[in-house]
């Protein structure tokens, strides 16, 4: 009986490992975050009706796999929401290395949303980012559009031997006036 229980526990562990592996997108398995984001953007803008710009610091700090996954999924969710809910036709995706943190900022020109009710996507993003000690915030400017910002701490950016989160300044966007929400 004990052997049967141990065998079932091993089988369960194998199933859990497979499920966890399936959660990591193929794009990140095959290449670093920047290349995975470029492929994601190419996929979204394939029909030509959507323009997406990507700005990434050079060099982009190496990230832990969990932080990479969190940033990739956050960008994916932000693009989906900009198209589906905001009806945006222009989106800027910016990764910025700053002292003590790495920031992902996704800005769109869509309809905006003055009262965001987090669904599964934003809730999952918030949980994933919190898992690496990060924070998610968003705002919807009065003139329209939407801005999502994800910040992860520098210790999730892994340089050769130590954290490397301040490895260069990124894109500086314009001022945004609107309602801001911290998640």
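The values are calculated or read from the model by the stated rules, or taken from the named source; none is laboratory data. These numbers come from a predicted model, not from an experiment. With ideal geometry, Cβ positions are generated from the backbone for all residues, glycine too; neighbour counts draw on all protein chains shown.
Structure above, values below:
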quantity: Within region 131-141, considering residues that are crowded, with 17+ Cβ neighbours inside 10 Å and assigned to a loop (DSSP other than H, G, I, E, B), the one modelled with the highest pLDDT; calculated: 134
quantity: Some residue of region 57-67 being under 12 Å from the mean Cα position of the chain (by Cα), at pLDDT 80 or above, more than 23 Å from residue 101 (Cα to Cα) and surrounded by 19 or more Cβ atoms within 10 Å (Cβ to Cβ); calculated: no
quantity: In region 97-118, the residues that are at positive phi and surrounded by fewer than 21 Cβ atoms within 10 Å (Cβ to Cβ); calculated: 100
quantity: Among residues of region 49-68, those that are assigned to a helix (DSSP H, G or I) and either more than 26 Å from residue 123 (Cα to Cα) or touching a strand residue (DSSP E or B) at 6+ places or on another chain (Cβ under 9 Å) (or both), counted; calculated: 1
quantity: Residue 121 vs. criteria farther than 22 Å from residue 35 by Cβ and either modelled with pLDDT of 90 or more or surrounded by fewer than 15 Cβ atoms within 10 Å (Cβ to Cβ) (or both); calculated: no
quantity: Region 73-101: number of residues that are in a helix (DSSP H, G or I) and farther than 19 Å from residue 147 by Cβ; calculated: 0
quantity: Any hit, region 115-130, residues being in a loop (DSSP other than H, G, I, E, B), under 18 Å from residue 141 (Cβ atoms) and in contact (Cβ under 8 Å) with a residue 12 or more places away in the chain; calculated: yes
quantity: Some residue of region 19-42 being over 27 Å from residue 133 (Cβ atoms) and either at pLDDT 90 or above or in a strand (DSSP E or B) (or both); calculated: yes
